[in-house]
Amino acid sequence: MSIAARRLAYGLGAAVLGVDPSRAQDAATVAAIRAAWLEHLVLVFPGMDMTVAQHVEFSRCFGELEAHPVAGLRDEDHPEMFRVTNRITNGKRSETAEAGRVWHSDGAYTLRPPTGALLHCRARPDVGGDTWFTNMYRAYDTLSDTLKGIVDKLSVVNDLGAIPATKRRDPAKLAQALQENPPVVQPMVRVHPETGRKALYLSEAVTRRIDGMKEEESRGLLQYLFAHSVRPEFTFRHTWRLHDLVLWDNRCAMHLAPPDFDPAQLREMFRTTLVGEPMGRALAR
Ligand code: OGA
Ligand code: MN
């Protein structure tokens with residue numbers, strides 16, 4: 001089966017035509033999708049209704065799936081399915097209603113950040129509810145040689161507790177999540193294991209400081225790099241249609257879920273997550 005990838009933005013992103021993710025895929029199609037994924041970083045499969053089982057099966061074409069690192073956010077029926085939703089159940093708003101409000105790469109606060117993820121739109125507001133992506137190869141490539149030489153040698157301290165939305169979570173659950181996910185040290189620049197290209201690796205949501213430096217010493221450079229990473233020319237903003245499925249490469253792209261919609265309207269996204277390689281180290285205390 002031949003697939004066609006049509007670019008959607010200058011920075012990254014392509015729409016994939018000729019694939020129905022709800023069906024079983026042959027090896028040649030999977031190889032073609034993988035090649036497009038490595039080239040475009042973010043792939044949009046337009047409007048395909050799928051069951052959870054079909055979503056899981058399609059995702060497994062691209063690797064082993066993980067349960068969310070935060071136990072309280074795992075779906076009981078489908079541990080490999082993470083739901084980003086503002087749904088109210090028994091009068092309680094979902095713990096993931098504010099997920100992704102600051103630029104990040106998923107699991108940057110863990111020692112095994114995912115390779116990628118597949119997000120499926122189950123319900124969307126009338127307007128907004130977009131997801132933004134940015135190309136971290138470009139973010140690295142466009143630094144001066146002098147700054148590249150500096151960031152190449154640096155590592156950062158990433159901490160789940162830095163995410164602003166954690167403050168609105170159930171305190172007992174948050175305490176458990178922080179205990180299970182203590183701060184980690186990750187390189188500021190990573191080499192993509194499949195393309196061999198260097199990508200800047202920072203997440204404004206969780207990166208507290210440069211390893212070996214105080215927060216106030218780190219702030220100037222980190223603020224510059226956070227802003228630089230999301231220059232408009234590196235980004236792609238996806239406006240969801242119902243049932244779109246988006247696959248991103250979490251090793252070289254960051255994403256953001258802006259609150260650009262009416263919170264009274266339902267927005268519900270289901271995500272599967274591809275297990276990555278072990279990376280980084282625990283922060284010595
Ligand atoms: C995620 C995430 C973005 C969104 O699922 O990892 O950050 O737009 N979601 O819901
Ligand atoms: Mn995310």
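If only one of 132, 103 is among the aromatic types (Phe, Trp, Tyr) and in contact with an Asp or Glu (Cβ under 9 Å, 6 or more places away or on another chain), which one is it? 103 is the lone residue from the list that is among the aromatic types (Phe, Trp, Tyr) and in contact with an Asp or Glu (Cβ under 9 Å, 6 or more places away or on another chain).
Here's the yes/no breakdown for (1) buried (at least 22 other Cβ atoms within 10 Å of the Cβ); (2) modelled with pLDDT of 95 or more; (3) more than 10 Å from ligand 1 (Cβ to nearest atom):
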position	(1), (2), (3)
104	yes, yes, no
110	yes, yes, yes
116	yes, yes, yes
126	no, yes, yes
132	no, yes, no
135	yes, yes, yes
141	no, yes, yes
144	no, yes, yes
147	no, yes, yes
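In region 71-96, how many residues are of a type in the set (S, T, N, Q) and either in contact (Cβ under 8 Å) with a residue 40 or more places away in the chain or within 11 Å of ligand 2 (Cβ to nearest atom) (or both)? Give the derivation first.
First, pick out the residues of region 71-96 that are of a type in the set (S, T, N, Q): 85-86, 89-90, 94, 96.
Checking which are either in contact (Cβ under 8 Å) with a residue 40 or more places away in the chain or within 11 Å of ligand 2 (Cβ to nearest atom) (or both) leaves us with 85-86, 96.
Number satisfying all stated conditions: 3.
Against the conditions (1) within 13 Å of ligand 2 (Cβ to nearest atom); (2) over 29 Å from residue 280 (Cβ atoms), residue 124 satisfies every one except (1). The set of residues in region 209-260 being in a strand (DSSP E or B), more than 16 Å from ligand 2 (Cβ to nearest atom) and β-branched (Val, Ile, Thr) consists of 210 alone. Only residues that are part of a helix (DSSP H, G or I) and more than 30 Å from residue 120 (Cα to Cα) were counted in region 130-155, giving 8. Considering region 68-96, the residues that are more than 10 Å from ligand 1 (Cβ to nearest atom) and of a type in the set (Val, Ile, Thr) include one that is nearest to the chain's Cα centre (by Cα), namely 70.
Among the residues examined, residue 236 does not qualify as in contact with a Pro (Cβ under 8 Å, 6 or more places away or on another chain) and within 14 Å of ligand 1 (Cβ to nearest atom).
If I ask for residues that are over 23 Å from residue 237 (Cα atoms), of a type outside the set (S, T, N, Q) and surrounded by 12 or more Cβ atoms within 10 Å (Cβ to Cβ), which ones from region 2-30 would you list?
Keep residues of region 2-30 that are over 23 Å from residue 237 (Cα atoms), which gives 2, 22-30.
In the following step, the residues that additionally are of a type outside the set (S, T, N, Q) were identified as 23-24, 26-28, 30.
23, 30 - these are the residues of region 2-30 that are over 23 Å from residue 237 (Cα atoms), of a type outside the set (S, T, N, Q) and surrounded by 12 or more Cβ atoms within 10 Å (Cβ to Cβ).
Taking first residues from region 208-224 that are within 20 Å of residue 164 (Cα to Cα) and partners that are assigned to a helix (DSSP H, G or I), the Cβ contacts under 6 Å between residues at least 6 apart in sequence or on separate chains come to 208/162; 209/215; 209/218; 210/218.
Does residue 99 satisfy being touching a residue at least 24 places away in the same chain (Cβ under 8 Å), surrounded by fewer than 23 Cβ atoms within 10 Å (Cβ to Cβ), closer than 23 Å to residue 240 by Cβ and within 13 Å of ligand 1 (Cβ to nearest atom)? Can you show your working first?
Values: touching a residue at least 24 places away in the same chain (Cβ under 8 Å): yes; surrounded by fewer than 23 Cβ atoms within 10 Å (Cβ to Cβ): yes; closer than 23 Å to residue 240 by Cβ: yes; within 13 Å of ligand 1 (Cβ to nearest atom): yes.
It is true that residue 99 is touching a residue at least 24 places away in the same chain (Cβ under 8 Å), surrounded by fewer than 23 Cβ atoms within 10 Å (Cβ to Cβ), closer than 23 Å to residue 240 by Cβ and within 13 Å of ligand 1 (Cβ to nearest atom).
Annotation note: Cβ proximity below 7 Å between a residue of region 23-36 that is of a type in the set (Ser, Thr, Tyr) and a residue that is at pLDDT below 95 (sequence gap 6+ or interchain) occurs for 29/1; 29/3.
The values are calculated or read from the model by the stated rules, or taken from the named source; none is laboratory data. Quick caveat, the model's predicted, so the values are computed rather than measured. A quick note on method: Cβ atoms are made from the backbone with ideal geometry, for glycine too, and the neighbour counts reach across all protein chains shown.
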